[in-house]
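Worksheet for the structure shown next.
The values are calculated or read from the model by the stated rules, or taken from the named source; none is laboratory data. Computed from a predicted model, the values in this text were never measured in an experiment. No Cβ is skipped: glycine too gets one built from the backbone with ideal geometry, and neighbour counts run over all protein chains shown.
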Amino acid sequence: MNKHKKFIGTGVALVTPFLKDGRIDFIGLKNVINHVIKGGVEYVVSLGTTGETPVLNKDEKEKIVRYTIETVNKRVPVVVGIGGNSTQEVISTLKKFDLRGVDAVLSVSPYYNKPNQRGLVQHYKAIADACALPMIIYNVPGRTGSNILAETTLQLAEEVKNIIGVKEASGNLDQIMKIIKYKPKDFLVISGDDLLTFPILASGGNGVISVIANAFPKEFSEMTRQSLAGNYSKAKNLHYTLDEFTRLIFADGNPAGVKCLLEKMKICSAYVRLPLVNVNSQIEKFLAEELKRI
């Protein structure tokens with residue numbers, strides 16, 4: 001049994017709902033949290049990319065995390081995203097942020113300044129040393145501008161005891177399979193790409209931190225569970241039930257796509273904060289048609 005079993009399965013990168021005037025819609029956030037927990041997900045992730053973290057100020061971030069923990073009320077584990085391109089600033093945030101009730105930290109690799117692999121190792125060792133909680137590293141080179149190589153992830157997995165897993169969104173299955181093949185037994189390989197979750201799980205991955213599960217937690221978490229159980233025929237059918245939705249929600253920007261879908265499902269509003277904008281009318285139409293079909 002994996003000692004980090006609470007993070008095996010489906011995690012949801014929660015959206016941050018907004019009101020028309022730009023304020024945080026806490027009622028909408030409660031609706032989303034209750035929707036995904038009722039849908040059977042294993043844990044939730046607050047302050048991820050899908051939560052529009054770059055446009056939230058410090059006070060808003062703390063309020064969102066406290067409200068999320070209170071609303072979850074220990075029904076599932078809570079993971080909080082704390083990362084950045086300044087190692088010292090991340091360390092300072094980890095020391096000052098109220099992490100009571102938080103089960104793990106998800107930390108995106110440094111963006112924009114494009115550190116080399118030695119710099120990435122030193123960055124993660126420094127912030128892990130400052131963090132009393134389990135940590136999941138987050139590799140998303142399409143956003144950060146730098147890729148955490150398999151060898152670097154494996155080095156961190158071996159050398160840093162509280163780095164318990166990686167959220168892999170490189171889109172490179174060869175790289176991901178190399179991590180799965182050579183990782184320590186209890187180290188988690190978590191998909192960061194909804195469309196690639198099925199093949200990653202079939203290759204030996206441990207779960208997903210999903211965007212589409214904001215809208216379809218029941219179907220996506222069931223696909224994940226069936227995959228983990230080796231029931232690939234059932235998992236494949238569920239995967240292809242949602243694949244077009246998944247393409248559409250990313251077609252004109254995340255989280256604008258999934259927020260549009262959530263509004264049509266009457267869960268929360270579709271508002272996003274600049275520099276993001278709502279999806280275009282064509283994508284909105286396609287999402288409505290796909291929702292009607294399903």
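Annotations for the structure displayed:
- Any chance VAL45 is in contact with a Gly (Cβ under 6 Å, 6 or more places away or on another chain), modelled with pLDDT of 95 or more, under 21 Å from LEU188 (Cβ atoms) and outside any loop (DSSP other than H, G, I, E, B): yes
- Out of SER203, SER191, one residue alone is closer than 30 Å to ASP129 by Cβ and out of contact with any Phe, Trp or Tyr (no Cβ under 7 Å at 6 or more places or on another chain). It is SER191.
- A single member of LYS181, LYS236 is over 23 Å from VAL45 (Cα atoms) and surrounded by 15 or more Cβ atoms within 10 Å (Cβ to Cβ), and it is LYS236.
- Contact map, segment 115-127: residues that are in contact (Cβ under 8 Å) with a residue 60 or more places away in the chain and buried (at least 19 other Cβ atoms within 10 Å of the Cβ) paired with residues that are part of a helix (DSSP H, G or I) and among the aromatic types (Phe, Trp, Tyr), Cβ distance under 8 Å, separation 6+ or inter-chain. No pairs are found.
- Looking only at residues of segment 80-89 that are within 19 Å of the chain's Cα centre (by Cα) and closer than 23 Å to ALA150 by Cα, we find that the one that is surrounded by the fewest Cβ atoms within 10 Å (Cβ to Cβ) is ASN85.
- Residues satisfying the stated conditions in segment 215-247, i.e. aliphatic (A, V, I, L, M) and more than 15 Å from LEU261 (Cα to Cα): MET223, LEU228, ALA229, ALA235, LEU238
- Residue within segment 253-267 that is closer than 30 Å to GLU151 by Cα and either among the charged types (D, E, K, R) or in contact (Cβ under 8 Å) with a residue 40 or more places away in the chain (or both) present: yes
- Of residues in segment 100-114 being on the phi < 0 side of the Ramachandran plot and assigned to a loop (DSSP other than H, G, I, E, B), the one surrounded by the fewest Cβ atoms within 10 Å (Cβ to Cβ): ARG100
- Of the listed requirements (1) hydroxyl-bearing (Ser, Thr, Tyr); (2) within 30 Å of ASP186 (Cα to Cα); (3) surrounded by fewer than 20 Cβ atoms within 10 Å (Cβ to Cβ), TYR67 misses just one: (2).
- Helices (runs of 4 or more DSSP H) contained in segment 205-294 and holding at least 3 residues β-branched (Val, Ile, Thr): 232-251
- Residue in segment 153-160 that is β-branched (Val, Ile, Thr), outside any helix (DSSP H, G or I) and under 21 Å from MET1 (Cα atoms) present: yes
- Residue in segment 212-222 that is surrounded by fewer than 19 Cβ atoms within 10 Å (Cβ to Cβ), among the polar types (S, T, N, Q) and touching a residue at least 12 places away in the same chain (Cβ under 8 Å) present: no
- In segment 43-59, the residues that are aromatic (Phe, Trp, Tyr) reach residues that are part of a loop (DSSP other than H, G, I, E, B) with C-beta atoms within less than 7 angstrom, at least six apart or across chains, in these pairs: TYR43/VAL76; TYR43/PRO77.
- Taking every residue in segment 233-249 that is charged (D, E, K, R) and pairing it with any residue that is part of a helix (DSSP H, G or I), at least 6 positions away or on another chain, the pairs with Cβ-Cβ distances below 6 Å are LYS234/GLN226; GLU244/GLU290.
- Residue list for segment 243-278, filter: of a type in the set (A, V, I, L, M, F, W, C), closer than 16 Å to VAL208 by Cβ and touching a Leu at 6+ places or on another chain (Cβ under 9 Å): PHE245, ILE249, PHE250
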